[in-house]
Amino acid sequence: MTTETATATYKTKVTAAFNGAAATYDRLDVEFFTPMGSRLVERARPRPGERVLDVGCGLGATLLPAARLIGDEGSALGIDIAAAMIEEAGKEAERQGITNVEVRVMDGEYPDLPARCFDLVLGSYSVIFLPDARAALARYADLLADGGRIGFTSPVFTKDTFPFLPPLFTDLIPMSLLEHLPEAWHPENLHRQLHSWLEDPADLTAALEKAGFTDVEIHDEPVVQTAPSGEAWVTWSHTQGMRLLWQHLPEAEAAALRERIITALDALRGEDGRVRFEVPVRYVTARVAR
Ligand SMILES: C[S@@+](CC[C@H](N)C(=O)[O-])C[C@H]1O[C@@H](n2cnc3c(N)ncnc32)[C@H](O)[C@@H]1O
């Protein structure tokens, strides 16, 4: 398979996964994307009147709080490769009465947008899906007006954990299970191809500087993820990166994993009955170097 074909296949799979997840995405009473999106917006500080682009906006966890802060004088554009996500994001903006927002289906790796027409580019848990995110960062720098900023989040990646899950799950998902994933999705391949540059703050800073940014700030802070029960978390995990694992595990292995996770998470339930655990999140902000 050529690199172009592999990239196209990968993007088709990512698009299908998020189209399939859109109807229930972030709506299963499991808190994660919404608090993370709000925290990213707090750190990136959109100002009244600014023009904001949110890459991989999903249902608007970052886009909508940013749109509220920039007010009627500002404008926010959310782009996502999954049409079902964009449709739901549009409905959500309408439901919340937010009128300074536009949403469009677009590949965020190659944004077809005019140069220098944004003040802030955001992307929460989305640049991690771009096959060549470092090259995309340079395109985002071009989209920014002088002094413009970027802000994005990623997991705090480590080599030995399932790519999108916190360390808590390392003991629950034996590495042998990950062999059921297609080769491109093996953690070491995902890591090498997509995530290695995000792991070491020095590499990440170098990637941003090479792309035309300066004043890089990298801040790791956990989001407290909560869920009504272990079972609810497992249902939710079918709408996330872990969907890939569920899709590829043989039935018996999937059933055993499901039980193991439910038991471990239910053991974390607090007095209010909710499961709570910390997910390390990396918040990255920078300013274009002109
Ligand atoms: C984990 S979700 C995060 C969504 C949202 N930012 C949030 O915090 O809830 C990742 C999003 O990135 C989108 N995405 C993945 N690859 C993309 C690409 N090449 N261009 C634009 N969006 C992409 C997915 O469709 C999905 O909506």
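Couple of notes before you dig in:
- All conditions but one from (1) open to solvent by 40 Å² or more (accessible area, probe 1.4 Å); (2) modelled with pLDDT of 95 or more; (3) within 22 Å of Arg39 (Cα to Cα) apply to Ser124; the one that does not is (1).
- Here Ala61 fulfils each of the conditions (1) within 21 Å of His219 (Cα to Cα); (2) open to solvent by 50 Å² or more (accessible area, probe 1.4 Å); (3) within 13 Å of the ligand (Cβ to nearest atom) apart from (2).
- Qualifying residue in the stretch 142-152 (condition: acidic (Asp, Glu) and in contact with an Asp or Glu (Cβ under 7 Å, 6 or more places away or on another chain)): no
- In the stretch 226-244, the residues that are modelled with pLDDT of 95 or more and outside any helix (DSSP H, G or I): Thr226, Ala227, Pro228, Ser229
Here's the yes/no breakdown for (1) more than 27 Å from Tyr10 (Cα to Cα); (2) touching a Cys at 6+ places or on another chain (Cβ under 7 Å); (3) open to solvent by less than 50 Å² (accessible area, probe 1.4 Å); (4) not in a helix (DSSP H, G or I):
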| residue | (1), (2), (3), (4) |
| --- | --- |
| Glu188 | no, no, no, no |
| Glu209 | yes, no, no, no |
| Val216 | yes, no, yes, yes |
| Glu221 | yes, no, yes, yes |
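- Of all the residues in the stretch 190-207, those that are open to solvent by less than 60 Å² (accessible area, probe 1.4 Å), of a type in the set (A, V, I, L, M, F, W, C) and at pLDDT 85 or above number 5.
- Answer residue from the stretch 1-26, given it is more than 11 Å from the ligand (Cβ to nearest atom) and assigned to a loop (DSSP other than H, G, I, E, B) and is surrounded by the most Cβ atoms within 10 Å (Cβ to Cβ) among those: Thr24
- Residues in the stretch 66-87 that are open to solvent by 20 Å² or more (accessible area, probe 1.4 Å) and within 11 Å of the ligand (Cβ to nearest atom) were compared, and the one that is farthest from Pro111 (Cα to Cα) is Ala84.
- Within the stretch 118-136, the set of residues being closer than 13 Å to Asp54 by Cα and more than 12 Å from the ligand (Cβ to nearest atom) comprises Phe118, Asp119, Leu120, Val121.
- Pairs with Cβ under 8 Å, 6+ apart, first in the stretch 232-243 and open to solvent by 20 Å² or more (accessible area, probe 1.4 Å), second within 13 Å of the ligand (Cβ to nearest atom) and assigned to a helix (DSSP H, G or I): His238/Ala21; Gln240/Ala21; Arg243/Ala17; Arg243/Gly20; Arg243/Ala21; Arg243/Ser237
The values are calculated or read from the model by the stated rules, or taken from the named source; none is laboratory data. All values derive from a computational prediction rather than experimental measurement. Backbone-built Cβ (ideal geometry, glycine too); neighbour counts: all protein chains shown. Just so you know, the surface numbers come from the protein's heavy atoms only, side chains and all, with ligands and any DNA or RNA stripped out. Shrake-Rupley method; radii C 1.70, N 1.55, O 1.52, S 1.80 Å.
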